[in-house]
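Written below as structure tokens is the structure these notes are about.
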Amino acid sequence: MISELPVPGRGMGFFKVNVAVAAEALERWRRSHAWFAERPQGLVVEKVAGPLSSGIERLLPFGPGRDRELLWDCGGEWTAYFDDMPASDAVTAVSSLCMRAGFEGVVLVDGTSEWDGGRDLQFVVHRGADTVRVIQSTWEGRRAFDTYGDPLPFEETERYTRRLKRERLTSEMLERYCAHLGLYPYDPAFYGQLGYLLSDVRTEFQRQSFRF
């Protein structure tokens with residue numbers, strides 16, 4: 001049933017915890033910085049109810065920096081992560097919070113490359129402080145396919161030796177890999193009706209000293 005991710009062309013992340021637990025951990029991490037510890041009013045946390053689209057709307061407009069982050073319920077077991085950076089930086093946020101809170105996390109990127117028209121794809125699995133698996137197909141002056149870590153039991157490793165690198169990892173494969181972990185990011189029905197929005201409400205001048 002492949003289609004697009006909730007925000008086409010942008011990366012996203014997942015934490016294998018309840019959304020309230022993820023929101024508490026993310027807020028605690030953000031407030032641990034000295035700026036927010038001294039001026040807690042600079043960070044606002046709100047509950048957002050309704051369809052996922054109502055939460056995504058609260059992230060707009062995207063860029064230039066990370067000023068807003070959205071955590072969204074995915075049926076209780078998983079929580080989705082989005083931010084408002086121009087191309088999203090879920091990789092940094094997910095890996096860092098997994099390390100700090102001991103979560104299991106996944107980063108997923110699936111978008112069309114503006115260079116060769118193929119898909120820029122990334123699948124990353126974190127367990128606590130460890131990045132246990134990375135699989136990616138990206139355009140870096142030419143099409144590149146890279147992996148890190150030991151293959152997971154469900155991987156279609158026979159595909160990784162195909163002559164055409166763009167065929168070694170596909171959106172359909174990402175969808176199947178995610179399903180093995182209990183994730184269905186391409187299915188709108190996977191997303192619940194509740195999220196948490198974290199907003200950096202400082203002035204632009206104040207943000208010059210520190211950004212998320």
Which whole-number percent gives the relative contact order of the chain, counting Cα pairs below 8 Å spaced six or more residues apart? 29 percent
Please name whichever of F62, C178, P40 sits farthest to the positive end of the charge dipole of the chain, dipole taken about the Cα centre and charges placed at Cβ: Lys and Arg +1, Asp and Glu -1. P40
What ranking of S199, S54 emerges when the number of other C-beta atoms within 10 Å of each C-beta is taken as an exposure proxy, fewest first? S54, S199
The helix 90-101 Cα axis meets the longest alpha-carbon principal axis of the chain at an angle in degrees, between 0 and 90 and rounded to 10, of 70 degrees
With everything on Cα atoms, drop me the angle between helix 19-31 and the longest principal axis of the chain, reported from 0 to 90° to the nearest 10. 60 degrees
Pairing the Cα long axis of helix 171-180 with the longest principal axis of the chain, what angle in degrees results, from 0 to 90 and rounded to the nearest 10? 70 degrees
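Just need the Rg to Rh number for the stretch 101-161, please, alpha carbons only, Kirkwood Rh. Could you put the intermediate results ahead of the total?
On the way: Rg = 12.9 Å, Rh = 12.7 Å.
Checking Rg against Rh, the ratio lands at 1.02.
Over the stretch 13-207, what lengths in whole Å, largest first, do the semi-axes of the equivalent ellipsoid take, defined as the square roots of 5 times the eigenvalues of the alpha-carbon gyration tensor?
Working: eigenvalues 185, 67, 53 Å².
That gives 30, 18, 16 Å for the three semi-axes.
Quick note: the coordinates plus some simple rules give every number you see, no bench work behind them. Keep in mind the model is a prediction, meaning the values are calculated, not measured. Every residue, glycine among them, receives a Cβ derived from its backbone with ideal geometry; neighbour counts consider all protein chains shown.
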